[in-house]
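Data block below; observations after.
The values are calculated or read from the model by the stated rules, or taken from the named source; none is laboratory data. Computed from a predicted structure; not experimentally measured. Here Cβ is always computed from backbone atoms with ideal geometry, including for glycine, and neighbour counts include all displayed protein chains. Ligands, DNA and RNA are stripped out before the accessible areas are found, and what is left, the full protein with its side chains, is counted by its heavy atoms. Shrake-Rupley method; radii C 1.70, N 1.55, O 1.52, S 1.80 Å.
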Amino acid sequence: MHPAKDPIKAIKSVLRDSQQVERAAALIRMGARMQVLESETDLSYERLLRLYKEVSGKSPSKGQLPFSTDWFLSWQENIHSSLFLNIYEYLSKSIELDSIDILTKAYRLYEEQVSAAEIDALLSFTRAWRLVKFVDANMLNMTACSHCGGKFVTELYENPRQYVCGLCNPPARAGKCKGERSLMLH
């Protein structure tokens, strides 16, 4: 039988296409940028663009994704990034799913945690995706704090015996600005 005429292959491709559209729509609702959608789905740029406009009601943001690891290492951002990455790593070890599905579940749990703490989420979905890519590329890793034992996002060359996290040793101006729903130290 000719492969294009095989009804089982046709159904599988329609189902796969439907799953890809559903995944892309879910990622768009979570705030994913076009580069993330292109990387995590098999859909063409044109279809993603139409879907983005349909789901979000606006055109996608233009420009490149941030490529610096520095954002993840500053005080509040590091705490948020570390919370997310701990959730992501736990789920990665606990359940069998595609990495993007683990990422979306971890991001939802991160959002629930910061909401419960009544603070604003600093980590966007796209930054969370980029963080996982940086860790996978060995550009960032997790290091345990020598005081509290919590695991935090750090650069590769961080000395684990001497590393102290931003919660145990916050910078002098930590928690003194950025609005009422930001992380505050008492």
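Before moving on, here are some points about what is shown:
- So LEU109, is it closer than 24 Å to ARG23 by Cα, assigned to a loop (DSSP other than H, G, I, E, B), out of contact with any Asp or Glu (no Cβ under 8 Å at 6 or more places or on another chain) and open to solvent by 40 Å² or more (accessible area, probe 1.4 Å): no
- Residues considered: LEU65, LEU85, LEU43. Of these, the only one that is of a type outside the set (S, T, N, Q), outside any helix (DSSP H, G or I) and under 17 Å from ASP136 (Cβ atoms) is LEU65.
Residue-by-condition table, conditions (1) over 30 Å from GLY150 (Cα atoms); (2) in contact with a helix residue (DSSP H, G or I) (Cβ under 9 Å, 6 or more places away or on another chain):
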| site | (1), (2) |
| --- | --- |
| LEU15 | yes, no |
| SER18 | yes, no |
| GLU40 | yes, yes |
| ARG47 | yes, yes |
| LEU65 | no, yes |
| THR69 | no, yes |
| SER74 | no, no |
| ILE95 | no, yes |
| SER115 | no, no |
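- Counting the residues of the stretch 67-98 that are hydroxyl-bearing (Ser, Thr, Tyr) and either loosely packed, with under 13 Cβ neighbours inside 10 Å or over 20 Å from LEU27 (Cβ atoms) (or both) gives 6.
- Of the residues making up the stretch 48-66, those that are open to solvent by 60 Å² or more (accessible area, probe 1.4 Å) and in contact (Cβ under 8 Å) with a residue 12 or more places away in the chain are SER61, GLN64.
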